[in-house]
Amino acid sequence: MSPVYPFDDAATARVVIDDAGTLVEWNEGAQQLLGHTAGEVVGRPAVRLLAGGTGALPVPTSARWDGTVTLWHRDGRAVPVWLLAHHRRPRDSGPGDWLVVTPLEDGGPRADEDPLATAALTQSPCAIAVYDEHLRLSRVNDAMAEVIGLPEERIQGLRITEIGGKTQSAELEQYMLRVLTSGTAQDFQIYMRTGGEDAAHAWLARIAPITDAEGRVRGVCLAAHDFTENYLARERLQLVNEASVRIGTTLDVTRTAQELADVCVPALADFVSIDLLDPQEHGGELPTAIVAPVRLRRAAHASVQQGSPEAVAKPGQSDLYPAQSPQADALVAGRTLVASGRDLELWLAWDSTRTRRVQEYGIHSSMAVPIQARGVTLGVAVLTRYRRIDPFAEDDVLLAEEVTARAAVCIDNARRFSRERETALALQRSLLPRKLPRTAALEAASRYLPAARAGVGGDWFDVIPLSGMRVAMVVGDVVGHGIQASATMGRLRTAVRTLADIDLAPDELLTHLDDLVVRLSAEAGGEGSPGEVGATCLYAVYDPVSRRCTLARAGHPPPIMIRPGGPPEHIDLPAGPPLGLGGLPFESAEFELPEGTVLALYTDGLTENRERDLDDSHRLLFDALYASSDSLDETCDRILHAVLPPGGAADDVALLLARTQGLPAEQVSTWDIPADPSLVAPIRKQVVEQLDTWNLSEAGFTAELVVSELVTNAIRYGAHPIRLRLIHDAATLICEVSDTNHTAPHLRRAKTWDEGGRGLLLVAQLTQRWGSRHTADGKTIWAELSVFDEG
C-alpha cells in the first residue's frame with residue numbers, strides 16, 4: 001500500500017530559476033505570497049519581481065545563499081521576504097538551476113505541554129530536529145541549527161528538501177515519511193555537506209516517531225550523530241584493501257596504470273590521470289634526475305563520467321609538461337602537491353585547454369602524486385575533484401600516497417617484465433632466420449609467435465641448403481621461457497646448421513645434438529644428470545632429384561603432409577626420446593613426396609591449449625591446412641587465426657610450411673665411370689657436350705678441370721662402382737662423384753717436392769664450395785660452380 005503524502009504545497013513559497021535568470025517553476029505558495037499566478041511569471045526574467053530599483057538578482061558566492069530581498073506583490077505593494085536559495089547541478093554536468101524557498105507559516109504551537117515543543121527543548125549533544133505531521137520543521141536544538149547554518153526562526157515551516165536542497169535530502173525525507181506512516185523508527189547513513197559545514201561529513205541519522213498522549217503519531221524526531229572519522233577510516237581501509245586486490249592483476253604496464261585510476265574513482269577523486277615517463281632509448285632505464293620540462297605519456301585515466309570528457313590527453317599521447325604544471329612540479333619536488341582555488345588556476349595557467357576544462361566542470365581541487373618504486377620515479381598520478389565539494393585533505397594525501405605506492409611496485413614489476421620480455425624477444429628474433437633461403441627444392445614460409453603471458457621461449461625453425469640441391473628443414477623447442485631458453489635455442493640452432501653442413505643423416509644429427517644437450521645440462525649445474533636442459537627437435541632432408549624425404553624426430557610432434565589434391569595426414573614417424581636424456585637411439589623414416597606436397601612442421605605451442613582438447617586443436621589445424629591456398633604465407637596466417645585462442649598462445653609457437661619442388665630429369669645427367677684412367681678424357685668430352693646442350697659452354701673449361709680431378713681421384717683412391725652426376729639449375733652447376741669407399745678425402749697444401757696433393761686445392765679454388773658426404777653405400781665428393789644460363 002503506497003504511503004499517504006502529507007505535504008502541503010501551499011505552506012512554502014517555492015520557485016526555480018535557471019542559470020540564465022528565468023523563472024521555470026512557480027508553486028501555489030509563491031502565488032499566495034506575491035499574488036502572481038504561474039502563467040503570469042513562468043518563462044519571464046526573475047529580476048522583474050525585484051523592488052527597490054536594484055535591477056539585478058543577488059550574485060551568490062557559494063552553492064547556498066540566504067538573505068532578505070524586497071519583491072513586488074501583484075497589487076503593487078513592496079514585500080520584504082527572506083529567501084533561501086540552493087544551486088543544483090545535474091550529474092551530467094548540464095545547465096543547473098536555483099531552488100528558492102521561503103516559509104509561509106511557523107512551526108506550530110509552542111505550549112509546554114505540546115510533545116513537539118518538549119522534544120525540541122530536550123538537551124542533547126546530538127543535533128536534533130523535530131518535524132510535524134506535514135514533515136515541516138517545527139523545532140531544532142542549538143547543535144542542529146549550527147549544522148544547518150541557519151537560525152531556527154528562519155527555517156521553521158520548511159521541509160528538509162527545502163532546507164538542504166540536495167539529492168540526499170530527498171532520500172532522507174523518504175525515510176521520515178516511512179517513520180511517520182508506520183510509527184517505526186529507522187536509521188539512515190548519509191555523507192554530505194550541510195549548509196553550516198565547510199567540508200562533507202558522515203552522519204548517522206536516527207529517525208523516531210513522536211506521539212501524543214493518545215499514542216497518535218504527531219511528527220518525527222531526527223537525531224544526527226557525526227561519525228566522520230570512523231567513516232573515513234573505514235573508507236580508507238576499504239580502498240587500500242581494494243587496491244591490493246585490483247591493482248597488479250597482470251604484468252602489463254598500461255593495464256596496471258588503468259587499474260590504479262579505476263580504484264581511485266570515485267572513492268578518492270572524480271577524475272584521475274596516470275602519466276608515465278618513457279624509458280631512455282637503448283639504455284632502457286628511466287632517468288634518475290627529473291628536471292622541467294618533463295615529457296610524459298598518458299597511460300590511463302578514469303572519470304565518474306562515461307568516456308572521461310575531462311581528459312585533455314588521449315591514452316598513449318605524449319606531452320611536454322613545463323614548470324608550474326602539476327605533473328612537472330610534483331616530479332621535480334619528489335612529493336605530493338595539492339592545489340585549490342587561486343593556486344589551482346595558477347597551476348594550470350600554462351595550458352588554456354586545461355583551464356577551460358577546469359572552468360567547464362567546476363574543478364576546485366587537484367593533487368599530484370609521484371609514482372615511485374625502488375628508488376625510481378615512474379610517473380605521476382593527478383587526482384581532481386569537482387562533484388565532491390570538499391577539497392583534498394591531509395588524510396586524502398596519505399591515502400593517495402599509500403595506494404599509489406602499492407601501484408608503483410606493480411607498475412615497476414610490469415615495466416621490468418616488459419623490458420626483459422623485449423630483450424628476450426629481441427634475442428630470440430636475432431637468433432631466428434630473418435628470411436628463409438630460396439632454393440630449387442622447395443618453397444617455404446614461417447611464423448614465430450612468443451607466448452602471450454609466459455614470455456618468449458626456445459622455439460626455432462630453419463631451412464638449410466645442402467649439397468646436391470637438397471635442403472634440410474628443422475623445427476625445435478627448448479623447454480622453458482626467458483633469455484636462458486632463447487640463448488640455449490641459439491646454441492642448438494647453430495649446432496644443427498654445423499652438423500647439417502657435414503651432411504649427417506637425420507638420425508645421426510639428432511644423436512650428436514642429444515650429446516650436446518647433455519653437455520649443456522652439465523654446464524647448467526645438473527652435474528651430469530639428464531634433463532636439466534631439455535629440448536625436442538624434428539629434422540628432415542628433402543632431395544628434389546629423387547623426390548624423397550628423410551625425417552627423424554626427438555620427442556617432437558610429427559609433421560603433417562598434404563599431398564597434391566589429398567587431405568592432410570600425420571606422417572607416421574618414430575617418436576624418439578627428447579634431447580638431453582642421452583644414450584637412447586633415434587630412427588629415420590624415408591618417404592617419396594610428389595611434387596607440390598606441403599609439409600607442416602610446428603611446435604606444440606600451436607596445438608596445446610587449455611581451453612580445448614588436443615584432438616580439437618588438431619582438427620582445426622587440419623581444416624586450415626585443407627583450405628590452404630597457393631600462398632603459403634596466407635596459409636600460415638589462416639592456421640594461426642584458426643587454431644590459437646583469441647588471447648594468444650600460452651606457449652611459444654613456431655610454424656614452418658614447405659611445398660616441395662622436383663628437379664626435371666633433363667637437368668640431371670649421370671655416367672658410370674669405368675676403372676680405366678685412360679677413359680677419363682672421353683668422360684670430359686661427354687661433360688662438355690652436355691654443357692653445350694644446357695647452354696653452359698662458358699663453364700665448360702672449369703667443369704672439365706673439376707670433373708677430371710674428381711673422377712681421377714675416385715679411380716685412384718676409391719672403390720667401384722664409381723658414378724658421375726651433373727645437376728644444373730638457373731645459377732648453379734653441381735658436379736658429384738660417388739664411390740663405395742667410406743674414406744673421405746681432405747684438403748691439404750702440397751709441399752714443393754710433392755708430386756701429388758694439389759687436386760682438391762685446385763677444385764677448392766675453381767668452385768664456390770666443395771665437400772663430401774657419406775651415403776649408405778660409400779661417399780660422394782661434390783663441388784658447386786656458379787653459372788648463368790645463356791638461354
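How high is the relative contact order of the range 232-422, in percent, counting Cα pairs under 8 Å that sit 6 or more residues apart?
Once divided by the residue count of the range 232-422, the mean separation gives 27 percent.
Among 17, 254, 223, whose Cα lies farthest out toward the positive end of the dipole of the chain, if unit charges sit on the beta carbon of Lys, Arg (+1) and Asp, Glu (-1)?
The listed residue farthest towards the positive side: 254.
Can you tell me which of 699-707, 377-385, 183-191 comes out highest on packing, and rank the rest after it, using the mean Cβ neighbours within 10 Å?
Going from most to least packed, we get 377-385, 699-707, 183-191.
If you put +1 on each Lys and Arg Cβ and -1 on each Asp and Glu Cβ, how big is the dipole of the range 685-742 around its Cα centre, in Debye rounded to 20?
240 debye
With θ taken as phi - 60° and the coefficients 6.51, -1.76 and 1.60, list the Karplus ³J(HN,Hα) couplings across the range 64-69 in order, rounded to whole Hz; mark glycine and proline as x.
Taking θ as phi minus 60°, the curve returns 10, 9, 9, x, 9, 10 Hz for the range 64-69.
Return the long-range amide H neighbours of residue 379 (sequence gap of 5 or more, or a different chain), with a cut-off of under 5 Å between placed amide H atoms.
Excluding prolines and chain starts, which carry no amide H, the hits are 277, 371.
Can you tell me the order of 24-32, 467-475 when each peptide is scored by its average per-residue count of other Cβ atoms within 10 angstrom, highest first?
Per-residue Cβ counts within 10 Å, averaged per peptide and sorted highest first, yield 467-475, 24-32.
Which value, in debye to the nearest 20, describes the size of the charge dipole of the range 208-332 about its Cα centre when Lys and Arg Cβ atoms bear +1, Asp and Glu Cβ atoms bear -1, and nothing else is charged?
Dipole about the Cα centre, nearest 20: 180 debye.
Which whole-angstrom value gives the distance between the alpha carbon centres of the range 214-270 and the range 318-362?
With the range 214-270 and the range 318-362 each reduced to a Cα centre, they are spaced 26 Å.
Over the Cα atoms of the range 665-786, what radius of gyration and what Dmax do you get, in Å?
Both quantities, over Cα of the range 665-786: 13.8, 45 Å.
Cα-based Rg of the chain per 2.2 N^0.38 Å, rounded to two decimals?
1.60
Dividing the alpha-carbon radius of gyration of the range 9-103 by 2.2 N^0.38 Å (N being the number of residues), what value is obtained?
1.03
Sort 250-261, 680-691 for me by packing, meaning the mean count of neighbouring Cβ atoms within 10 Å per residue, highest on top.
250-261, 680-691
Let's see if you can work this out: charge +1 on each Lys and Arg Cβ, -1 on each Asp and Glu Cβ, no other charges. What is the dipole magnitude of the chain about its Cα centre, in debye to the nearest 20?
1260 debye
By the gyration tensor of its Cα atoms, with a ≥ b ≥ c the square roots of the eigenvalues, what is the shape of the range 517-597: rounded for a/c under 1.5, prolate for a/b over b/c, or oblate?
prolate
Tell me which residues come under 5 Å, amide H to amide H, from residue 661 once H is placed; ignore anything under 5 positions away on its chain.
Under 5 Å from the amide H of residue 661 lie the amide H atoms of 442, 443, 596, each far enough along the sequence or on another chain.
Kindly write out, for the range 344-353 in residue order, the coupling ³J(HN,Hα) from the Karplus curve 6.51 cos²θ - 1.76 cosθ + 1.60 (θ = phi - 60°), rounded to whole Hz, with x marking Gly and Pro.
5, 4, 5, 5, 9, 5, 5, 10, 5, 5
What is the distance in Å between the Cα centres of the range 48-81 and the range 437-474?
First find each Cα centre; the distance between them is then 87 Å.
Tell me the relative contact order for the range 665-786 as a rounded percent, counting alpha carbon contacts under 8 Å between residues six or more apart.
For the range 665-786, the relative contact order is 24 percent.
Do you know the relative contact order of the chain, to the nearest whole percent, from alpha carbon pairs under 8 angstrom that are 6+ apart?
With pairs under 8 Å counted, the relative contact order is 6 percent.
Pull up all non-local amide H partners of residue 300: gap of 5 or more, or a different chain, and H-to-H distance under 5 Å with H placed in the peptide plane.
Sorted by chain and number, the residues that satisfy this are 274.
Between residue 515 and residue 206, what is 0.36 nm times their sequence separation minus the Cα-Cα distance? Round to one decimal in nm.
103.0 nm
No lab work stands behind these numbers, since they all come straight from the coordinates. Given the structure is predicted, the values throughout are model-derived calculations rather than measurements. Every residue, glycine as well, gets a Cβ built from its backbone with ideal geometry; the counts of neighbours run over all protein chains shown.
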